[in-house]
Amino acid sequence: MAARLLLRTCPLRVLQLRGGTAARPLQRAMASAGGIPTDEEQATGLERRTLQALKQGKDPYSILKPKQYTGTKTDPHIVPSIGNKRLVGCLCEEDNTAIVWFWLHEGEPQRCPECGSHYKLVHHELPH
Ligand SMILES: [Zn+2]
């Protein structure tokens with residue numbers, strides 16, 4: 001009767017007595033290792049590479065909103081490209097419904113034929 005009462009009131013103590021070794025109550029593995037892992041700790045593959053690049057201030061897959069440029073000769077719109085030219089569409093004014101398309105070539109900044117905004121092609125390496 002006393003043993004049954006002991007089982008009900010203190011099961012941890014009974015486990016230690018029966019096994020002879022330090023038996024521990026059941027716990028989740030994550031709780032014993034220091035808590036729930038963060039996104040960086042459990043990310044793999046492409047997600048892991050992206051998180052590491054973002055930590056270094058890089059944006060290899062263009063996830064973040066692009067930086068705003070004024071479009072002047074000294075601060076042209078930067079257009080990343082894996083080749084030596086790229087087709088660019090300029091929405092010259094905010095209310096325009098027609099897009100002006102033109103080819104942007106590597107080298108000096110080029111102007112939009114309609115509004116005159118400057119665009120510069122910058123070589124962009126793909127991460128893999
Ligand atoms: Zn334009």
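The values are calculated or read from the model by the stated rules, or taken from the named source; none is laboratory data. Keep in mind the model is a prediction, meaning the values are calculated, not measured. Cβ coordinates were reconstructed from backbone atoms using ideal geometry, including for glycine residues, and neighbour counts include every protein chain displayed. What goes into the accessible areas is simple: the full protein's heavy atoms, side chains included, and nothing from ligands, DNA or RNA. Shrake-Rupley method; radii C 1.70, N 1.55, O 1.52, S 1.80 Å.
Give the carbon-plus-sulfur fraction of the accessible surface of the range 69-127 in %, rounded to a whole number; probe 1.4 Å, heavy atoms of protein chains only. About 51 percent, which is the carbon plus sulfur part of the accessible surface. In this simple spin-label approximation, TRP101 and ILE82 carry label points 7 Å from Cα along the Cα→Cβ vector, and these lie 2.1 nm apart. Reducing the range 37-80 and the range 96-128 to their Cα centroids gives an inter-centroid distance of 20 Å. LEU51 sits among other residues whose Cβ lies under 15 Å from its own Cβ, and their net charge, with Lys and Arg +1 and Asp and Glu -1, is -1.
Placing a pseudo-label 7 Å from each Cα along the Cα-to-Cβ vector at THR70 and LEU126 gives an inter-label distance of 3.6 nm.
Cβ-Cβ distance of CYS92 and GLN42, R₀ of 30 Å, FRET efficiency by 1/(1 + (r/R0)^6): the value works out to about 0.05. Around the amide H of HIS77, modelled in the peptide plane, lie the amide H atoms of GLY71, HIS118, TYR119, LYS120, all under 5 Å away and 5 or more residues distant in sequence or on another chain.
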